[in-house]
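Accompanying notes for the structure given below.
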Amino acid sequence: MSGVDQLFVQLKHWALARCAGILPEAWQPLVSLLLSIIPLLVIFPTLFAAMVWMERKGLGRIQNRYGPNRVGPFGLLQPAADGIKALIKEDIVPRAADRVVHWLAPVLLVTTAFTVYAVLPFGRNMVVVDLEAGLLFFFAVGTVAELVVFMAGWSSRNKYALLGAMRAVAQMISYEIPLVLSTVTVVMIAGTLSLPQIVLAQSPASGWWPAWFVFTPWGAAGFVLFLIAANAEANRSPFDLPEGESEIIAGYFIEYSGFKFALFFLGEYLSLFAVSALGVTLFLGGWHAPYVVGEWVPSWVWFFLKLLAVLALFIWTRGTLPRLRQDQLMNFAWKFMIPMTLINVVIAALWHWIGSGPVRWLVCSALVIGAYSLLGRGLMRAGRWMPRTYRFAE
Amino acid sequence: MLGEGIIKGMVETARNFLGSYVREDRLTTVQYPEEREPQIENARQFPFLVYDGEDWETGLRCVACQICEKECPPQCIYIVKSKDKKPDYKGQMQFYPAIFDIDLSVCMSCQICVEVCPFEAIKMDTDYEWSTPDRFAALLVHKDQLARPNAYYQQLHPTDAAASDAVLAQERARAQAKARAAAELKTKAAAPPPTS
């Protein structure tokens, strides 16, 4: 179980011991932090490149196209080509733009996107800082993305940018609530805000039913709600109204070119990875295998496999669903997502109070399905088509 | 129930995704520089000037009547008429274009020049690979680049070329008949009147 599993942890300890001989004692924590952070700064941008390639290939196949296949074998060097292109492009700043804020927005986005990785456990004993309130930290820092989006939209002095930013802020604030509420259930059951502790609460039991939270009625509902809200938070299709290429061109980053645009792109994907990793941690058992038998596979392999699976799901939905309208988006957030997550909190409480046994399975499943079908019916009725009347066209 | 349509759509896209790896006919993309779709016979891209015989300078059908220049909607044709004349395919003395330029960047491939030409002199080419790194000079196509033999036209658009050749043959036959009649009339006039 140790060996490969603890390979990186032991590597870090070894490097730290090497450094201890050379550097003064006071520098020890700093070096330790750096040794934890640098792998993240390498792995996740690499994952970004891989994700862009996978996404373009996957979307291509979904639409019966080849996807990128010119640069390198199977188009594998496409992200490198894109990066070089972004680097050598001219960096245009509008004359009327607020130069400082315009420059600050992409930098801040990437910085905050990286900051949230501090509390995510990537494997057994593999977490940069084990904060008591890790989940709270994640959401607190993650919310800076809204500010960044508005900074970008406002400083560009462009109507499309401002419209996109306003849409983005409305959307992200609306979906922040269900995102947080869907994770509250996990906090209630696990009884802790620390992410490594939440992972430990999902350790494989001896039974035939995995202990992941997604394998409970409230957990399944919570996971789906979490994914939808995360999708909206990451501004990805079908919730990509802030970008809306076909209506407001590119939304809040219309005035960004060259490497700043690439930074926005990177920041967006980094937040997507972070929120997917959070979903894996909260609902899919983090770095745990479903059964004790699977524990021989290194914990970080489990974690990244699950992360890739969630990302594949995001690509799949992006390739399937068309963009929502602004009113549909808001209706969905306020009339379905928020009531459903609130009910889910109650269901999780019931799950806790009823105690183990088939009764709680029955009660909680019935409640989830009942609430879903009732709320869903209400939402469908709200969206029913009316005969359209034209005042001037007839 | 809410979400039914989403599930249906996801199944459809999954089928597309997997199917594109299994069935070749799903992927309709033509890998352009390596593969090319054969062009249909009536394809048209950019005009060219037809010439008869071996030498393009003497065989050019164009008589510099400038109808195409006037009719061209984006006005991309520029013609300068010659001072002297040369015999055309009927042996008649005609002007010829001293300069005949078409601006490739302006031409919209409408084929109106072809429709209005009374001399079957300008036709549409199917060649579309005219890209060039020079934005100005190289996009102005001169008459030496525009000239193509009639055999090229016959090979490009066989049906249209046959019709065009028939028209020209008819014209030529009519001109020859006219010339013969004129010659007969002249010999008749030259002959002494019959005595009674």
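The values are calculated or read from the model by the stated rules, or taken from the named source; none is laboratory data. Remember, it's a predicted structure, so these values are computed and weren't measured experimentally. Positions of Cβ are generated from backbone atoms using ideal geometry, with glycine treated the same way; all protein chains shown enter the neighbour counts. Heavy atoms of the whole protein, side chains included, go into the accessibility calculation; ligands, DNA and RNA do not. Shrake-Rupley method; radii C 1.70, N 1.55, O 1.52, S 1.80 Å.
I need the peptides A:273-282, A:220-229, A:317-326 ranked by packing, meaning the mean over residues of other C-beta atoms within 10 angstrom, with the highest value on top.
A:273-282, A:220-229, A:317-326
Determine the total buried accessible area between chain B and chain A, counting protein heavy atoms only with a 1.4 Å probe; round to the nearest 100 Å².
Interface area, both chains combined: 1800 Å², rounded to the nearest 100.
Measure out, as a whole number of angstrom, how far apart the alpha-carbon centroids of the range A:255-304 and the range A:1-24 sit.
Using only Cα atoms, the two centres lie 24 Å from each other.
Could you work out which residue, out of B:LYS85, B:LYS178, B:LYS70, moves most in a Gaussian network model of chain B, that is, has the largest mean-square fluctuation with Cα springs under 10 Å?
Most flexible of the set in this elastic network: B:LYS178.
Given the C-alpha centroids of the range B:82-135 and the range A:42-96, what is the distance between them in whole angstrom?
Between the Cα centres of the range B:82-135 and the range A:42-96 lies a distance of 45 Å.
Taking the Cα centre as origin and putting +1 on Lys and Arg beta-carbons and -1 on Asp and Glu beta-carbons, what dipole magnitude results for the range A:48-160, to the nearest 20 debye?
Its charge dipole is roughly 640 debye.
Tell me, what are the semi-axes, in whole angstrom and largest first, of the equivalent ellipsoid of the range A:91-383 as set by the roots of 5 times the Cα gyration tensor eigenvalues?
35, 23, 15
Report the extension gain between B:ALA151 and B:ARG15 in nm, rounded to one decimal, defined as 0.36 nm multiplied by the number of residues separating them, less their alpha carbon distance.
Net length gain for the segment: 43.9 nm.
Which residue, A:ILE37, A:ILE249, A:ILE88, has the most motion in a Gaussian network model of chain A that connects Cα atoms within less than 10 Å?
Greatest mean-square fluctuation among the candidates belongs to A:ILE88.
Using DSSP H assignments, which helices in chain A have an axial alpha-carbon span of 20 Å or above and a mean Kyte-Doolittle hydropathy of -1.0 or higher?
Sorted by number, the helices that extend far enough and score high enough are A:7-22, A:28-62, A:99-115, A:159-190, A:217-233, A:258-283, A:299-320, A:338-354, A:358-382.
Taking the Cα atoms only, what angle lies between the long axis of helix B:158-190 and the longest principal axis of chain B, rounded to 10 degrees?
10
List the residues, sorted by chain then number, that are 5 or more residues from B:ALA147 or on another chain and whose placed amide H is less than 5 Å from its amide H.
B:LEU49
Radius of gyration and Dmax for the protein assembly as shown's Cα atoms, expressed in Å?
36.5, 145
Who wins for biggest fluctuation among A:ALA145, A:ALA26, A:ALA168 in a Gaussian network model of chain A, springs between alpha carbons below 10 Å?
Top of the fluctuation ranking is A:ALA26.
Assign unit charges at the C-beta atoms only (+1 for Lys and Arg, -1 for Asp and Glu), then state the dipole size of the range B:35-116 relative to its Cα centre in Debye, rounded to the nearest 20.
400
On average, how many beta carbons from a partner chain sit within 10 Å of the beta carbon of a residue in B:51-62?
Partner-chain Cβ atoms within 10 Å, mean over residues of B:51-62: 0.
Where does the protein assembly as shown land at 222 nm, in deg cm²/dmol rounded to the nearest 500, when only DSSP H runs of n ≥ 4 count, each adding -39500 (n - 2.57), divided by all residues?
-18500 deg cm²/dmol
For an R0 of 25 angstrom, estimate the FRET efficiency from the Cβ-Cβ distance between B:THR132 and B:ASN42 and round to the nearest 0.05.
Efficiency at R0 = 25 Å is approximately 0.40.
Using the heavy atoms of the protein chains and a 1.4 angstrom probe, tell me the accessible area per residue for the range A:91-383 in square angstrom.
Here the residues of the range A:91-383 average 41 Å² of exposed surface.
What pairs in A:LYS12/A:LYS89; B:LYS70/B:LYS123; A:LYS57/A:LYS85 have C-alpha atoms more than 28 Å from each other?
Where the Cα-Cα span goes over 28 Å, the pairs concerned are A:LYS12/A:LYS89.
What's the FRET efficiency of A:SER257 with A:VAL42 using the Cβ-Cβ distance as r and R₀ = 22 Å, to the nearest 0.05?
Using R0 = 22 Å, I get an efficiency of 0.25.
Provide the packing ranking of A:200-213, A:175-188, i.e. peptides ordered by the mean count of other C-beta atoms within 10 Å per residue, highest first.
A:175-188, A:200-213
Charges only on Cβ, +1 for Lys and Arg, -1 for Asp and Glu: so what's the dipole of the range A:91-383 about the Cα centre, in debye to the nearest 20?
For the range A:91-383, the charge dipole is close to 500 debye.
Give the average, rounded to an integer, of partner chain Cβ atoms located within 10 angstrom of each Cβ in A:311-320.
Per residue, the number of nearby Cβ atoms from other chains is 3 on average.
In Å², what does the accessible area per residue of chain B work out to with a 1.4 Å probe?
Heavy-atom SASA per residue in chain B reads 64 Å².
Quick query: amide H of A:VAL128 versus all other amide H atoms, modeled in the peptide plane; which residues come in under 5 Å with a sequence gap of 5 or more or a different chain?
Those lying under 5 Å, H to H, from A:VAL128 are A:LEU120.
Check cross-link reach from B:LYS178 to the lysines: straight Cα distance under 21 Å, and skip same-chain residues fewer than eight apart.
B:LYS86, B:LYS90, B:LYS186, B:LYS188
How far is it, in nm, from the label point at B:VAL106 to the one at A:ALA80 when both lie 7 Å from their Cα along the line to the Cβ?
It is 4.6 nm.
Round to a whole number: what % of the accessible area of the range B:94-138 belongs to carbon and sulfur, probe 1.4 Å?
With neighbouring chains kept in place, the figure for the range B:94-138 is 56 percent.
Can you give the accessible area of A:ASP130 in Å² (nearest 10), computed on protein heavy atoms with a 1.4 Å probe?
About 90 Å², rounded to the nearest 10.
Based on the alpha-carbon gyration tensor of the range A:217-339 and its eigenvalue square roots a ≥ b ≥ c, which shape applies: rounded if a/c is under 1.5, prolate if not and a/b is larger than b/c, or oblate?
oblate
Can you give the average number of partner chain beta-carbon atoms within 10 Å of each beta-carbon in peptide B:4-15, as a whole number?
3
Between the helical axis of B:4-22 and the dominant principal axis of chain B, each derived from Cα atoms, what acute angle in degrees is found, rounded to the nearest 10?
The angle comes out near 60 degrees.
So which residues of the range A:56-82 lose at least 20 Å² of accessible area, probe 1.4 Å, when you go from the chain by itself to every protein chain present?
A:ARG61, A:ILE62, A:ASN64, A:TYR66, A:ARG70
Roll a 1.4 angstrom probe over the protein heavy atoms and tell me the percent of accessible area of the range A:73-160 that is carbon or sulfur.
So the carbon and sulfur contribution to the accessible surface is 68 percent.
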